[in-house]
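A short worksheet on the structure shown next.
The values are calculated or read from the model by the stated rules, or taken from the named source; none is laboratory data. Being a predicted model, the structure only gives us computed values, none of them experimental. All Cβ positions, even for glycine, are placed from backbone atoms using ideal geometry, and neighbour counts span all protein chains on display. Just the protein is used for accessible areas: all its heavy atoms, side chains included, with ligands, DNA and RNA removed. Shrake-Rupley method; radii C 1.70, N 1.55, O 1.52, S 1.80 Å.
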Amino acid sequence: MKRLVTDQRGQAIIEFALIFIIFMGVLMALFIHGSWMYNKFHTDRAARQAALYLASTDDKARATQIAREHLEKTIIFSDIKEIRVYWNGNSTVGRVRVEMETFFPGMAKLINSANPTWSGKVMITKEVTTPGEHKFTHSHEYSK
C-alpha cells in the first residue's frame, strides 16, 4: 500500500492534462476575441464603403452590393443580418449588422457585457455617416 501512495510515475501526465486544458481554454478565448476584432473592423469598413459610394454616385443598390461583397469575402464565423444605405438629410448613412458565433461559453458575455446570455451569438453593428455630394442634395442646380 505504501508503494502505491509514493509512486510518482503517473504524476507528470496528470499535471500535463490539467495545464493543457487551461492552455487550450486561453488559446480558444484569444482566437475568438481576435475573430471578433477582425469582424468588427470589416463590418465598419463595409459600412464606410457603402456610405461613401452612395454619397458619390447616389446608387443605393450598388452601394448595398459593395458592402455585401466586402462582407462575404472577409468576415468569419458570421452571418450578414442587415445592410442598409440611405440618405439622412445632406449625409449618407451606411448601417451594417452581422451576427458572430462565439463557440465558447462565456465569450458572448465577455465581448458584449450588455448581452444577457453567456453563450451563443454576438451582434456587431456599425453605422457610418458621411457628407453627401452637393450635386445630389441640390440637383435642381445641376439640371441646366
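Give the residues of region 40-55 that are open to solvent by 50 Å² or more (accessible area, probe 1.4 Å) and either touching a strand residue (DSSP E or B) at 6+ places or on another chain (Cβ under 9 Å) or not in a helix (DSSP H, G or I) (or both), sorted by residue number.
Selection gives 40, 45, 48, 49, 52, 53.
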>> Being open to solvent by 80 Å² or more (accessible area, probe 1.4 Å) and under 16 Å from residue 80 (Cβ atoms) is the filter here; which residues of region 10-39 pass it?
In response: 38
> Tally time: how many residues in region 49-73 are in contact with a helix residue (DSSP H, G or I) (Cβ under 6 Å, 6 or more places away or on another chain) and farther than 17 Å from residue 87 by Cβ?
Replying inline: 2
>> For region 64-75, give me the residue count where each residue is in contact with a Phe, Trp or Tyr (Cβ under 7 Å, 6 or more places away or on another chain) and at pLDDT below 95.
In response: 0
>> over 11 Å from the mean Cα position of the chain (by Cα) and farther than 16 Å from residue 130 by Cα: is that true of residue 28 in this structure?
In response: yes
